[in-house]
Structures are given as structure tokens and as C-alpha cells.
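Engineer: There's a structure below that I have some questions on.
The values are calculated or read from the model by the stated rules, or taken from the named source; none is laboratory data. Please read all numbers here as calculations on a predicted model, not as lab measurements. Every residue, glycine among them, receives a Cβ derived from its backbone with ideal geometry; neighbour counts consider all protein chains shown. For accessibility, only protein heavy atoms count, side chains too; no ligands or nucleic acids. Shrake-Rupley method; radii C 1.70, N 1.55, O 1.52, S 1.80 Å.
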Amino acid sequence: MAKKSLIQREKKRQKLEQKYHLIRRSLKNEIRKVESLSDKLEIHGKLQSPPRNSAPTRLRRRCFSTGRPRANYRYFGLSGYILREMVHACLLPGATRSSW
């Protein structure tokens with residue numbers, strides 16, 4: 001299980017990303033529309049003014065049940081280890097286990 005502080009930090013990043021999403025998108029659209037380099041640099045400076053944790057690249061997918069940050073399957077929202085356990089326990093309909 002991941003530390004509670006790391007999970008809370010990730011939730012805080014998600015809230016910040018949602019808060020600044022429209023601002024970032026509008027500034028990026030302005031950069032595309034403007035022709036002169038000096039105007040682009042000015043808008044780029046505005047784009048750097050929001051907090052760093054509001055950038056979508058800072059977000060990390062975590063396992064829904066354990067909070068594990070690695071080996072996550074997007075479709076299920078679970079890490080590979082938990083997914084394997086749930087498939088073997090027949091808790092996921094339609095998922096088949098592989099054995100060789």
C-alpha cells in the first residue's frame with residue numbers, strides 16, 4: 001500500500017490540474033494563433049506562471065485499491081499484481097487467466 005501522504009499529494013495535483021486546465025489550453029491556443037516571436041515569448045512567460053504541479057505531465061496514475069504507481073492497466077485502474085489476483089479469484093467478468 002502506498003503512503004497516505006503520496007496519495008494525498010497526487011489528489012492535490014489533480015485538483016490543481018483541473019483548476020488551471022482552461023487557462024493552459026487558452027494560452028496554448030493563443031501561441032498557435034500569434035505570428036510574431038516576441039508575442040509568443042510573452043505568452044509563453046504567462047504559461048509558466050501557474051504552479052508547476054498544475055501541469056498534466058506531473059500526474060501519475062495509481063492503482064485504485066493499493067495506490068501503487070507502477071504497472072497500471074488503464075482499462076481496469078488496477079496494478080498488474082492486484083489485477084492478476086482478482087482474475088484468479090474470478091472477480092473480473094470476462095477476464096481469462098493465462099497459464100502455461
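Engineer: So, taking all protein chains as they sit and a 1.4 Å probe, how much accessible area belongs to E85, in Å² rounded to tens?
Structural biologist: In the full protein context, E85 sits at about 80 Å².
Engineer: Turning to a different aspect of this structure: For segment 1-54 and segment 77-99, what is the separation of their C-alpha centers, rounded to whole Å?
Structural biologist: Distance between centres, Cα-based: 36 Å.
Engineer: Hey, another quick one. Identify all lysines with a Cα-Cα distance to K28 below 24 Å; exclude those on the same chain that are fewer than 8 residues away in sequence.
Structural biologist: K12, K15, K19, K40, K46
Engineer: Whenever you get a sec, compute what percent of the accessible area on the chain sits on carbon and sulfur atoms (1.4 Å probe).
Structural biologist: Working: 4470 of 8350 Å².
Reported share for carbon and sulfur atoms: 53 percent.
Engineer: A follow-up question, please. Quick one: which residues, 5 or more positions from S65 or on another chain, have an amide H under 5 Å from its amide H? H modelled 1.01 Å from N in the peptide plane, none for Pro or chain starts.
Structural biologist: Residues meeting the amide H criterion: S79.
Engineer: Dipole size in debye (nearest 20) for the chain around its Cα centre, Lys and Arg Cβ +1, Asp and Glu Cβ -1?
Structural biologist: Roughly 380 debye for the chain.
Engineer: Report the longest stretch of the chain that contains none of the trypsin sites (Lys or Arg not before Pro) sitting in a DSSP loop with at most 13 other Cβ atoms within 10 Å.
Structural biologist: Here the longest segment lacking exposed loop sites spans 4-59.
Engineer: I need the per residue convex hull volume for the chain, using only the alpha carbons, in cubic angstrom as a whole number.
Structural biologist: In the chain, the Cα hull volume divided by residue count equals 149 Å³.
Engineer: Note down the relative contact order for the chain as a percent, whole number, built from C-alpha pairs under 8 angstrom at least six residues apart.
Structural biologist: It comes to 24 percent, rounded to a whole number.
Engineer: With the other protein chains left in place, how much accessible area per residue, in square angstrom, belongs to the chain at a 1.4 angstrom probe?
Structural biologist: 84 Å²
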